[in-house]
1. Among the candidates 171, 118, 90, 102, which residue alone is over 24 Å from residue 210 (Cα atoms) and modelled with pLDDT of 90 or more?
2. Among the candidates 198, 133, which residue alone is in a helix (DSSP H, G or I), modelled with pLDDT of 90 or more and under 30 Å from residue 405 (Cα atoms)?
3. Out of contact with any strand residue (DSSP E or B) (no Cβ under 6 Å at 6 or more places or on another chain), in a helix (DSSP H, G or I) and either over 22 Å from residue 314 (Cα atoms) or modelled with pLDDT under 95 (or both), is that true of residue 376?
4. Within segment 302-323, how many residues turn out to be without any contact (Cβ under 8 Å) to a residue 60 or more places away in the chain and either in a helix (DSSP H, G or I) or crowded, with 22+ Cβ neighbours inside 10 Å (or both)?
5. In segment 201-215, which residue that is in a helix (DSSP H, G or I) and surrounded by 17 or more Cβ atoms within 10 Å (Cβ to Cβ) is farthest from the chain's Cα centre (by Cα)?
6. For residues in segment 235-265 being loosely packed, with under 14 Cβ neighbours inside 10 Å and within 29 Å of the chain's Cα centre (by Cα), which is nearest to residue 294 (Cα to Cα)?
7. Looking for something modelled with pLDDT under 90, assigned to a helix (DSSP H, G or I) and out of contact with any helix residue (DSSP H, G or I) (no Cβ under 8 Å at 6 or more places or on another chain) - is there at least one such residue anywhere in segment 249-256?
8. Would you be able to say whether some residue in segment 260-268 is out of contact with any helix residue (DSSP H, G or I) (no Cβ under 7 Å at 6 or more places or on another chain) and modelled with pLDDT of 90 or more?
């Protein structure tokens with residue numbers, strides 16, 4: 001063999017020496033690294049460069065560095081299957097599924113969600129359509145039965161309304177909206193947990209059906225319902241604690257001061273709600289993928305998000321913006337159709353003292369079902385990929401995923 005780099009694979013020669021003895025190990029030329037494959041050539045196909053930083057070797061005049069054969073013009077080029085990172089070449093991250101198994105950037109997280117929807121749309125749309133139909137049906141019924149603006153209209157016509165009248169009018173006008181938000185939150189948490197099973201399979205490049213996803217989720221259904229209710233009640237409690245002092249002050253007779261205090265408390269509660277939302281956003285995914293308890297899933301999410309809160313917030317805000325725009329575009333034709341057919345709109349209810357008609361609510365509900373079915377996979381998939389990304393960064397989950405993908 002020759003000691004100069006070239007097309008011949010460097011390694012021990014199989015030809016015996018003239019005297020019949022074992023040939024001495026040739027000293028590597030100045031161009032080769034001291035880290036060489038083992039003498040057993042049968043295992044060379046599985047050999048990979050050692051991990052970690054490599055101490056640089058002083059190159060000879062014109063000689064290439066470790067692992068980088070010279071090109072025709074004398075510059076160093078990485079071999080096939082390798083990426084140039086700094087002064088050394090390292091193997092590219094494996095990608096058995098929708099994302100590369102390494103720390104992800106925001107484009108790869110959102111793009112992975114879209115790719116998951118495109119590859120596994122049957123299972124994903126089957127889950128999100130079921131969740132969207134149930135939540136929107138409840139929302140339509142709640143809005144039709146509880147949205148009443150007549151008390152708010154009477155309040156505007158009153159010269160000196162009492163605090164009791166104000167609270168009564170707000171309850172009648174916005175109780176339906178509050179219940180709708182609660183139902184929507186429960187639906188989003190449920191869809192996020194269910195789709196975590198599909199996305200985790202997509203990361204490994206494995207298919208999954210709707211039946212398989214429902215079957216795996218059935219054993220955790222009770223804990224999932226408990227977690228969803230606990231999170232929603234926690235958010236409601238935070239909001240109530242913020243506005244309760246203002247309500248009490250208004251009930252005591254200081255209406256203006258109570259209203260100002262309630263608004264200030266609501267703003268403070270909103271800040272706390274956003275903080276809790278991001279801190280606990282990975283709870284449904286941890287419950288489903290790690291088979292955690294309700295409390296364990298909450299603690300797990302807080303542990304994974306801690307130290308990366310602002311990064312998770314930025315990714316989630318961008319996802320919310322994308323899904324909101326997409327949902328508004330999908331809902332627009334249905335809103336225009338219902339308004340033209342009934343001469344009603346949601347904004348008119350709070351100005352005319354009327355209540356929404358069932359035709360208007362049903363047509364808008366159909367548009368909301370279609371919009372939720374198509375946008376829930378993006379928001380839910382983003383949460384699951386954020387969970388996987390945080391575990392890759394903190395716990396080297398990429399190694400376990402790569403081993404699992406090979407089985």
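1. 102
2. Going through 198, 133 in turn, just one is in a helix (DSSP H, G or I), modelled with pLDDT of 90 or more and under 30 Å from residue 405 (Cα atoms): 198.
3. Numbers: out of contact with any strand residue (DSSP E or B) (no Cβ under 6 Å at 6 or more places or on another chain): yes; in a helix (DSSP H, G or I): yes; either over 22 Å from residue 314 (Cα atoms) or modelled with pLDDT under 95 (or both): yes.
In short, yes.
4. Of the residues in segment 302-323, 10 are without any contact (Cβ under 8 Å) to a residue 60 or more places away in the chain and either in a helix (DSSP H, G or I) or crowded, with 22+ Cβ neighbours inside 10 Å (or both).
5. The residue in question is 210.
6. My answer is 237.
7. Checking segment 249-256: at least one residue is modelled with pLDDT under 90, assigned to a helix (DSSP H, G or I) and out of contact with any helix residue (DSSP H, G or I) (no Cβ under 8 Å at 6 or more places or on another chain).
8. Within segment 260-268 (the criterion being out of contact with any helix residue (DSSP H, G or I) (no Cβ under 7 Å at 6 or more places or on another chain) and modelled with pLDDT of 90 or more), the answer is yes, since at least one residue qualifies.
The values are calculated or read from the model by the stated rules, or taken from the named source; none is laboratory data. Computed from a predicted structure; not experimentally measured. We place every Cβ from the backbone using ideal geometry, glycine too, and count neighbours over all the protein chains shown.
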